[in-house]
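Novice: Mind looking over this structure? Questions follow.
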Amino acid sequence: MLTSGIKFLNFKEKKNSLVVKKKLKLLLQNKDAVILSLSKNYNNSFDKKDIKRYRKSSNFRIIGMGGSTLGSQAIYDFLNHKIKKNFTFIDNLDANKKKQKEKKYTNIIVSKSGNTVETIANSNILIKKKEKNIFITENKNSYLFQLAHKLKAEIIHHNNFIGGRYSVLSEVGMLPAELMGLNSNNFKQLNNIIKNKKFLNSLISNVSTTLYYINKKKFNSIIINYDEKSKNLFSWYQQLIAESLGKKSKGLLPIISSMPKDNHSVMQLYLDGFKNNFFTFFYVKEKNSLKIDNKKILPAQKFLKNKDIDKIIFAQKKATENVFKHKNIPFRSFEIDNRDEKTLGELFCFFILETILIGKILKLNPYDQPAVELIKKETKKILI
């Protein structure tokens with residue numbers, strides 16, 4: 001068990017590095033600003049009382065790019081069974097999208113810099129002065145900061161020491177979570193997990209083994225995801241890993257596979273193709289699963305009698321793991337028992353700590369993205 005709600009099976013070739021252990025200790029002792037945001041000691045730049053007036057809204061629209069929206073999308077999908085509000089996410093540019101009959105939205109516009117071109121373009125087209133608008137951005141003279149003042153909108157300060165992909169447990173993710181009707185305090189699990197020896201030992205061993213695979217030229221980190229509601233959790237994870245570690249000709253390529261659908265496409269390659277991959281299996285127990293109609297079962301399919309979809313999915317996961325073991329393909333496995341804020345907060349902490357540790361040991365800065373900044377500058381040059 002990783003925690004009470006997460007069963008975790010580490011890689012078979014389990015390694016334990018003293019270097020990783022020391023780095024983790026230093027990371028937690030030095031109170032890194034990003035690490036602080038994972039804890040209950042972090043002060044969000046919004047007051048729950050101040051956003052009370054927005055809670056009556058039924059329809060919310062979050063406009064942003066990358067880490068400005070991916071974390072809140074992950075929360076919304078993973079915990080959708082607890083959420084009664086409607087959230088729409090505008091996280092890309094679509095030149096062909098036709099204007100539809102508009103609902104009345106409360107807009108949440110998120111950009112750390114306040115100058116993200118895609119967010120500016122979408123905000124320009126979509127938001128209206130008569131709507132309720134909340135801007136989460138740095139307190140500086142940016143385009144979106146000026147627009148917020150022009151619209152007399154609410155401005156929530158985006159702390160400049162937290163980059164988008166690490167911001168899910170700051171105001172960027174927690175303000176939307178509160179408006180979804182969730183308790184943001186329940187996501188903050190760092191204070192608990194640093195006292196959990198099983199969690200810390202699993203983290204150290206996992207990072208040590210990942211570094212071992214990197215040294216063995218295994219650069220593809222493939223997610224074998226058996227939970228439809230976790231698609232955006234792994235889109236968030238994909239950005240976290242790729243943008244934090246993809247530097248100086250180093251890094252990991254995170255690839256997301258939707259299961260069991262991908263049994264019928266790329267699984268053949270995973271099993272018998274090139275060997276520079278390692279895998280993460282991910283499954284969430286669905287307690288209210290659809291059941292098979294026994295009356296429609298033919299004798300040849302009697303093994304499906306009295307089964308539900310969740311049992312079939314779990315059987316496919318176990319079967320695939322068994323084949324991976326037989327073929328000596330490296331994998332780790334997460335099985336989630338509780339679909340709640342606490343468990344999701346623990347997963348966010350695990351993946352963020354894992355990423356920072358790998359970056360530090362590879363002598364990379366896990367917090368910047370210098371190559372992406374070049375594209376932003378070139379785009380502006382062309383448009384000018």
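Novice: Could you grab me the full set of residues in segment 207-250 that are among the hydroxyl-bearing types (Ser, Thr, Tyr), within 23 Å of Val284 (Cβ to Cβ) and in contact (Cβ under 8 Å) with a residue 60 or more places away in the chain?
Specialist: If the condition is that a residue be among the hydroxyl-bearing types (Ser, Thr, Tyr), within 23 Å of Val284 (Cβ to Cβ) and in contact (Cβ under 8 Å) with a residue 60 or more places away in the chain, then Thr210, Tyr226, Ser230, Ser235, Tyr237 are the ones that fit.
Novice: Output the residues belonging to segment 13-40 that are assigned to a loop (DSSP other than H, G, I, E, B) and either in contact with a strand residue (DSSP E or B) (Cβ under 8 Å, 6 or more places away or on another chain) or within 17 Å of Glu346 (Cβ to Cβ) (or both).
Specialist: Of everything in segment 13-40, those that are assigned to a loop (DSSP other than H, G, I, E, B) and either in contact with a strand residue (DSSP E or B) (Cβ under 8 Å, 6 or more places away or on another chain) or within 17 Å of Glu346 (Cβ to Cβ) (or both) turn out to be Ser37, Leu38, Ser39, Lys40.
Novice: So which residues in segment 174-213 are out of contact with any Lys or Arg (no Cβ under 8 Å at 6 or more places or on another chain) and closer than 22 Å to Tyr270 by Cβ?
Specialist: Once the filter is applied, which keeps residues that are out of contact with any Lys or Arg (no Cβ under 8 Å at 6 or more places or on another chain) and closer than 22 Å to Tyr270 by Cβ, segment 174-213 yields Thr210, Tyr213.
Novice: Given the condition crowded, with 19+ Cβ neighbours inside 10 Å and assigned to a loop (DSSP other than H, G, I, E, B), answer yes or no: does some residue in segment 49-60 qualify?
Specialist: no
Novice: Every residue in segment 144-177 that is part of a helix (DSSP H, G or I) and in contact (Cβ under 8 Å) with a residue 60 or more places away in the chain, please.
Specialist: Result: Gly164, Arg165, Tyr166, Glu171, Val172, Gly173, Met174, Leu175, Pro176, Ala177.
Every residue, every condition in (1) part of a helix (DSSP H, G or I); (2) at pLDDT below 95; (3) surrounded by 12 or more Cβ atoms within 10 Å (Cβ to Cβ), yes or no:
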residue	(1), (2), (3)
Met65	no, no, yes
Asp77	yes, no, yes
Thr88	no, no, yes
Gln100	no, yes, no
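Novice: I've got another one for you. Tell me, yes or no, whether segment 185-200 has at least one residue that is under 27 Å from Tyr54 (Cβ atoms), surrounded by fewer than 20 Cβ atoms within 10 Å (Cβ to Cβ) and either at pLDDT 95 or above or not acidic (Asp, Glu) (or both).
Specialist: Yes, some residue in segment 185-200 is under 27 Å from Tyr54 (Cβ atoms), surrounded by fewer than 20 Cβ atoms within 10 Å (Cβ to Cβ) and either at pLDDT 95 or above or not acidic (Asp, Glu) (or both).
Novice: Which of the following residues is at pLDDT below 95, closer than 17 Å to Met65 by Cβ and touching a strand residue (DSSP E or B) at 6+ places or on another chain (Cβ under 6 Å): Ile127, Ile136, Ile162?
Specialist: Ile127
Novice: Is segment 226-242 home to any residue that is at pLDDT 95 or above, of a type outside the set (Asp, Glu), exposed (fewer than 15 other Cβ atoms within 10 Å of the Cβ) and outside any helix (DSSP H, G or I)?
Specialist: Checked segment 226-242: no residue is at pLDDT 95 or above, of a type outside the set (Asp, Glu), exposed (fewer than 15 other Cβ atoms within 10 Å of the Cβ) and outside any helix (DSSP H, G or I).
Novice: Considering each residue of segment 329-339, count those that are more than 20 Å from Lys311 (Cα to Cα) and either among the basic types (Lys, Arg) or under 15 Å from the mean Cα position of the chain (by Cα) (or both), and give that number.
Specialist: Qualifying residue count for the region: 1.
Novice: Still on this structure: Any idea which residue in segment 257-275 is surrounded by the most Cβ atoms within 10 Å (Cβ to Cβ), counting only those that are under 24 Å from the mean Cα position of the chain (by Cα) and part of a helix (DSSP H, G or I)?
Specialist: Tyr270
Novice: Cβ-Cβ below 8 Å, separation at least six or inter-chain, first residue in segment 266-281 and in contact (Cβ under 8 Å) with a residue 12 or more places away in the chain and over 24 Å from Leu233 (Cβ atoms), second surrounded by fewer than 18 Cβ atoms within 10 Å (Cβ to Cβ) and polar (S, T, N, Q): which pairs?
Specialist: The qualifying pairs are Asn276/Asn220.
Novice: A further question on this structure: Going by what's in this entry, would Ile204 be described as in contact (Cβ under 8 Å) with a residue 60 or more places away in the chain, of a type in the set (Val, Ile, Thr) and farther than 30 Å from Leu252 by Cα?
Specialist: no
The values are calculated or read from the model by the stated rules, or taken from the named source; none is laboratory data. All of these numbers come straight from a predicted model, not from anything done at the bench. We place every Cβ from the backbone using ideal geometry, glycine too, and count neighbours over all the protein chains shown.
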